[in-house]
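Novice: Structure below; questions to follow.
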Amino acid sequence: MMNRKKIIEVSNVVTRFGKNLVHDGIDLHVNEGEIYGFLGPSGCGKTTLLREIIMLENFQSGSIELLGQKIEYIRMRAAQRLRMQWGVLFQSNALFTSLTVAENIALSLQEYTNLSQETINDIVAFKIDIVGLKQFDGTLYPSEISGGMKKKAALARALVMDPKILFLDEPTSGLDPISAREFDTLIVKLRDLLNLTVVMVSHDLTSINNTLDRMAVIDNKKVVAEGALDEIKKIKSPFIERFFNNEK
Amino acid sequence: MAAKVNVGLLVTLEGEVATFKIQGTPTIQRLSIIEKQLQASVQNVQAKSIVWDLSELESMDSALALLIAKDIQNAKNSDKEVVLSAMKSDVEKMLTMAQEHAHFDSSFIPEKEGFFHAVGVDSADRVTKFLDFLSFFGQLSVIFFGSFFHLRHIRWKEMTFEIYESGIKALPIVALTMFLIGIVVAYQSAAQLKLYGANIFIVDMLGISILRELAPMLAAIIVAGRSGSSYAAQIGVMKITEELDAMRTMGFDPYAFLVLPRMLALVIMMPILIFFADIAGIIGGMLIAKVELGLTTTIFMERFVEVVSVKHFWIGLLKGPFFAMLIATIGIYRGLQVKNDTQSIGFNTTKAVVESIFAVIICDAFFSIIFTNLGY
């Protein structure tokens with residue numbers, strides 16, 4: 001196995017929305033190259049935590065370190081550099097509706113590199129292929145393709161700069177079971193191919209079984225368990241028992 | 001994270017053999033350097049065989065791998081011999097993947113259609129749009145006139161909300177703008193009237209122009225900007241989020257639930273807005289008459305009652321419901337025209353405002369002609 005390096009480290013994070021305390025000291029870490037999941041009952045702040053890590057949401061105290069960089073007081077330049085090293089797949093895909101799929105994928109390349117249109121096309125074609133879309137789909141607009149294809153297109157957009165970390169917010173929600181399993185396989189395959197570290201929020205038990213190497217269970221504002229699936233299942237917590245016993 | 005080693009492509013030529021070697025670890029941001037050097041070398045280096053020396057490369061991202069894969073393919077296509085050096089496993093894995101998944105012939109530019117095709121599509125589009133509008137107008141009329149016979153079908157709660165939202169809340173801005181317009185008009189005419197000593201005629205001028213034209217027009221323009229745009233945007237977003245479809249499947253007619261309350265609210269509120277605009281405009285004019293021309297409020301009012309007949313006031317108010325119908329219809333129609341992308345919200349909102357102001361002005365011109373010919 002490769003040398004496991006901590007790539008994300010969340011320590012003692014406290015989040016409050018007005019009077020509502022969401023996180024009361026969250027501690028967890030993600031190692032390089034693993035597929036990591038945030039689990040927990042709805043409303044426990046999984047997505048909020050993900051949004052804090054990708055600098056879309058502020059937290060009140062504690063610290064988050066990403067690729068060796070603390071993000072609570074980060075300079076604009078450094079933040080921008082971090083943003084180049086991750087890709088984010090939003091729950092609702094968030095494809096730009098006024099651009100075709102290919103243009104959506106090419107956008108970062110157009111903005112951040114001086115590559116020729118030909119090379120950009122080659123890169124886009126490659127990304128369209130590895131996420132399992134057909135080349136023709138690149139010419140379509142997001143409103144013209146199905147939900148599963150939108151997920152794949154958004155994934156291709158997230159992958160276009162060869163990110164080190166891929167963040168997924170409930171990637172299989174809204175997909176039929178077959179597409180969802182395909183997506184699981186795709187994520188594992190991409191992780192192996194592109195040396196990605198994947199962090200995802202998920203509710204989908206099958207997806208959790210199939211893909212996650214390690215996970216954190218967040219309940220009652222804290223991390224109640226962190227580790228691989230069989231370690232998690234041994235821990236006594238009302239949420240874990242309810243969540244995993246339903247599968248039988 | 002500045003590059004420790006300069007990124008670049010090293011080309012060495014020994015006889016018929018050209019060796020390419022990547023220096024540094026090029027990230028995708030700096031890849032264009034390699035891309036340019038590679039292009040230059042293809043033109044300048046005439047070698048029969050090419051060696052790609054990737055042995056020192058620690059890692060490679062997919063973009064670089066694609067560049068190399070493409071170069072290898074091109075070389076093979078022009079009957080050159082390509083030799084790959086031994087590579088670190090990550091690099092080799094990436095290169096193999098790039099070769100497997102690459103599509104170098106893909107183009108994502110949609111095919112350009114010819115002129116006649118474009119004209120045809122556009123014409124057909126316009127005809128459909130026109131039919132759409134007729135169908136919309138038909139449905140609207142059925143609901144609108146039907147509502148007079150079935151008063152209990154009117155959504156009173158929504159209507160009162162809209163009355164507050166697009167009527168009452170517009171009062172301050174309509175009154176303030178009209179007050180200022182009263183001041184401007186009075187001020188400009190005061191300078192002219194003073195020359196002839198015709199001070200008192202400012203009352204006639206202000207009375208007729210404000211009551212008959214300026215106040216209804218200004219109220220309509222402000223309502224078009226405030227409510228026309230908000231109807232278009234709101235109904236447009238409801239369409240995108242499938243709220244309209246949800247309403248239909250639950251058996252709620254969107255026309256009765258969304259369209260009618262807004263329309264009735266505007267029809268009711270527009271004359272009231274015009275009424276307040278009248279008052280504010282006249283007060284503005286009165287102020288200037290006092291300051292600039294020395295006409296006291298009493299004299300102003302006496303003259304006002306004497307020369308400005310009440311028909312001007314009624315004509316002004318009468319325009320209100322018509323303007324309101326136009327603004328509401330266009331705003332809502334534009335909202336329903338929104339397609340499933342965010343750009344069309346902006347497009348249709350703009351259209352809603354521009355078209356409704358235009359329609360209001362046309363309608364006003366018709367009223368002018370009609371009333372003048374009728375002798376009012």
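Novice: Using a Gaussian network model on chain A with a 10 Å cutoff between Cα atoms, which of A:Ile35, A:Ile123, A:Ile105 fluctuates the most?
Specialist: A:Ile123
Novice: For chain B, what are the DSSP H helices with axial Cα length of 24 Å or more and mean Kyte-Doolittle hydropathy of at least 0.0?
Specialist: B:115-149, B:171-196, B:260-293, B:310-336, B:342-373
Novice: Which percent, to the nearest 5, of DSSP beta bridges fully inside segment B:2-101 are antiparallel?
Specialist: Expressed as a percentage, antiparallel bridges in segment B:2-101 total about 45.
Novice: Where only protein heavy atoms count, and the probe is 1.4 Å, what is the accessible area per residue for the protein assembly as shown in Å²?
Specialist: That works out to 50 Å² per residue.
Novice: Which chymotrypsin sites (Phe, Trp or Tyr not before Pro) in segment B:82-176 sit in a loop by DSSP (not H, G, I, E or B) and have at most 10 other Cβ atoms within 10 Å of their own Cβ?
Specialist: Sparse-neighbourhood loop chymotrypsin sites (Phe, Trp or Tyr not before Pro): none present.
Novice: What figure in square angstrom, to the nearest 10, would you give for the accessible area of B:Lys88 with a 1.4 Å probe?
Specialist: Accessible surface of B:Lys88 is approximately 80 Å².
Novice: So what J values fall out for segment A:158-164 if you push phi through Karplus, 6.51 cos²θ - 1.76 cosθ + 1.60 with θ = phi - 60°, rounded to Hz, Gly and Pro as x?
Specialist: With the stated coefficients, segment A:158-164 comes to 5, 8, 5, 8, 6, x, 7 Hz.
Novice: Further question on the same structure: Could you check the spin-label model distance between B:Phe161 and A:Glu144? Points 7 Å from the Cα along Cα→Cβ, value in nm.
Specialist: 3.8
Novice: Using the Karplus curve 6.51 cos²θ - 1.76 cosθ + 1.60 with θ = phi - 60°, work out ³J(HN,Hα) for each residue of segment A:222-231 in order, rounded to whole Hz, and write x for Gly and Pro.
Specialist: So the J values, rounded to whole Hz, are 9, 7, 8, 7, 9, x, 6, 4, 5, 5.
Novice: Give me the percent of accessible area attributable to carbon and sulfur for chain A, probe 1.4 angstrom.
Specialist: Ligands and nucleic acids excluded, carbon and sulfur give 49 percent.
Novice: Within a 10 angstrom radius of each residue's Cβ in A:84-92, how many Cβ atoms of other chains show up on average? Whole number is fine. Don't skip to the answer; put the middle values down first.
Specialist: On the way: counts 4, 2, 0, 0, 0, 0, 0, 0, 0.
The per-residue average across the peptide is 1.
Novice: Using Cα pairs under 8 angstrom and six or more residues apart, how large is the relative contact order of segment B:150-373, in percent?
Specialist: The value is 36 percent.
Novice: Give the residue list of GluC sites (Glu not before Pro) in segment B:46-142 that are DSSP loop and have at most 16 other beta-carbon atoms within 10 angstrom.
Specialist: Answer by residue number: B:Glu56, B:Glu58, B:Glu111, B:Glu113.
Novice: With every protein chain kept in the model, how would you rank B:Met286, B:Met269 by accessible area, 1.4 Å probe, largest at the top? Could you put the intermediate results ahead of the total?
Specialist: Numbers: B:Met286 35, B:Met269 15 Å².
Result, largest first: B:Met286, B:Met269.
Novice: Let me ask something additional. Note down the relative contact order for chain B as a percent, whole number, built from C-alpha pairs under 8 angstrom at least six residues apart.
Specialist: On the way: 466 pairs, mean separation 63.3, N = 376.
Relative contact order here is 17 percent.
Novice: Let me ask you something else. For chain A, what is the mean residue ellipticity at 222 nm derived from helices alone (per DSSP H run of n ≥ 4: -39500 (n - 2.57); sum divided by total residues; nearest 500 deg cm²/dmol)?
Specialist: -11500 deg cm²/dmol
Novice: OK, next. At what distance in nm do the modelled label points of B:Asp132 and A:Arg242 sit from each other, each positioned 7 Å from its Cα along Cα→Cβ?
Specialist: 4.7
Novice: Once amide H atoms are placed 1.01 Å from N in the peptide plane, what residues at a sequence separation of 5 or more from A:Gln91, or on another chain, have their amide H within under 5 Å of its amide H?
Specialist: A:Asp169
Novice: Give, ordered by residue number, each residue of segment B:312-342 whose 1.4 Å probe accessible area is reduced by a minimum of 10 Å² on adding the remaining protein chains to the chain alone.
Specialist: Residues meeting the cut-off: B:Asn340, B:Asp341, B:Thr342.
Novice: Something else about it: Suppose R0 equals 41 Å; then what is the FRET efficiency for A:Glu72 and A:Lys134 from their Cβ-Cβ distance, rounded to the nearest 0.05?
Specialist: Efficiency, rounded to the nearest 0.05: 0.40.
Novice: Threshold 20 Å², probe 1.4 Å: give the residues of segment B:94-140, in number order, that are less accessible with all protein chains present than with their chain alone.
Specialist: Buried by 20 Å² or more upon assembly, which counts only protein chains, are B:Met94, B:Met97, B:His101, B:His103, B:Phe104, B:Ser106, B:Phe108, B:Pro110.
Novice: So what's the gap between the Cα centers of segment A:10-24 and segment B:47-67, to the nearest angstrom?
Specialist: Their Cα centres are 48 Å away from one another.
Novice: Provide the buried accessible surface between chains A and B in square angstrom, both chains summed, 1.4 Å probe, rounded to the nearest 100.
Specialist: When A and B are taken together, about 2800 Å² of accessible area is lost.
Novice: Could you tell me which of B:Ser147, B:Val174, B:Ile33 has its Cα farthest along the dipole of the protein assembly as shown towards the positive end, charges placed at Cβ (Lys, Arg +1; Asp, Glu -1), taken about the Cα centre?
Specialist: B:Val174
Novice: So what J values fall out for segment A:12-27 if you push phi through Karplus, 6.51 cos²θ - 1.76 cosθ + 1.60 with θ = phi - 60°, rounded to Hz, Gly and Pro as x?
Specialist: After applying 6.51 cos²θ - 1.76 cosθ + 1.60, I find 6, 7, 10, 10, 9, 10, x, 8, 8, 7, 9, 10, 10, x, 8, 10 Hz.
Novice: Quick check on my link table: of B:Lys48/B:Lys88; A:Lys5/B:Lys76; A:Lys164/A:Lys222, which ones sit more than 29 Å apart, alpha carbon to alpha carbon?
Specialist: Beyond 29 Å between Cα atoms: A:Lys5/B:Lys76.
Novice: Where in segment B:194-261 are there GluC sites (Glu not before Pro) that are in a DSSP coil and have at most 16 other Cβ atoms within 10 angstrom of their Cβ? Please report the intermediate quantities before stating the final value.
Specialist: Working: sites: B:Glu213, B:Glu242, B:Glu243; in loops: B:Glu242.
Of the GluC sites (Glu not before Pro), the ones in loops of segment B:194-261 whose Cβ has at most 16 other Cβ atoms within 10 Å are B:Glu242.
Novice: Just to confirm my numbers, what's the Cα centroid distance between segment B:297-376 and segment B:242-257 in Å?
Specialist: 30
Novice: What are the residues of segment A:127-165 that lose 30 Å² or more of accessible area, with a 1.4 Å probe, going from their chain alone to all protein chains?
Specialist: Going by heavy-atom accessible area, the residues of segment A:127-165 that drop by at least 30 Å² are A:Asp129, A:Gln135, A:Thr139, A:Ser143, A:Met161, A:Asp162.
Novice: Highest GNM mean-square fluctuation, chain B, Cα pairs closer than 10 Å: which of B:Val353, B:Val119, B:Val82?
Specialist: Ranking B:Val353, B:Val119, B:Val82 by mean-square fluctuation puts B:Val82 first.
Novice: Nearest 5 is fine: what % of DSSP beta bridges in chain A come out antiparallel, could you say?
Specialist: 55
Novice: Are any of the pairs B:Lys129/B:Lys351; B:Lys157/B:Lys351; A:Lys127/A:Lys151; B:Lys290/B:Lys319; A:Lys6/A:Lys236 more than 20 Å apart by Cα-Cα distance, and if so, which?
Specialist: Violating the 20 Å Cα-Cα cut-off are B:Lys157/B:Lys351; B:Lys290/B:Lys319; A:Lys6/A:Lys236.
Novice: What residues qualify as long-range amide H neighbours of B:Glu81, i.e. H under 5 Å apart, gap of 5 or more or another chain, H built at 1.01 Å from N?
Specialist: Amide H to amide H, under 5 Å and 5 or more residues apart or across chains, B:Glu81 pairs with B:Ser49, B:Ile50.
Novice: Here's another thing I want to ask about it. Express as a percent, rounded to the nearest 5, the fraction of DSSP beta bridges in chain B (both residues included) that run antiparallel.
Specialist: Around 45 percent antiparallel, to the nearest 5.
Novice: Using a Förster distance of 56 Å, how high is the FRET efficiency between A:Gln80 and B:Phe371, based on the Cβ-Cβ distance and rounded to 0.05?
Specialist: Rounded to the nearest 0.05, the efficiency is 0.30.
Novice: If you don't mind, another one. Run down the aspartates and glutamates and flag those whose C-alpha is under 20 Å from the C-alpha of B:Lys169, throwing out any fewer than 8 positions away in its chain.
Specialist: Output for B:Lys169: B:Glu158, B:Asp278.
The values are calculated or read from the model by the stated rules, or taken from the named source; none is laboratory data. Values in this document were obtained by computation on a predicted structure and should not be read as measured data. Cβ sites come from the backbone with ideal geometry, for glycine too, and all protein chains shown count toward neighbours. Note: accessible area is taken over every heavy atom of the protein model, side chains too, but ligands, DNA and RNA are not part of it. Shrake-Rupley method; radii C 1.70, N 1.55, O 1.52, S 1.80 Å.
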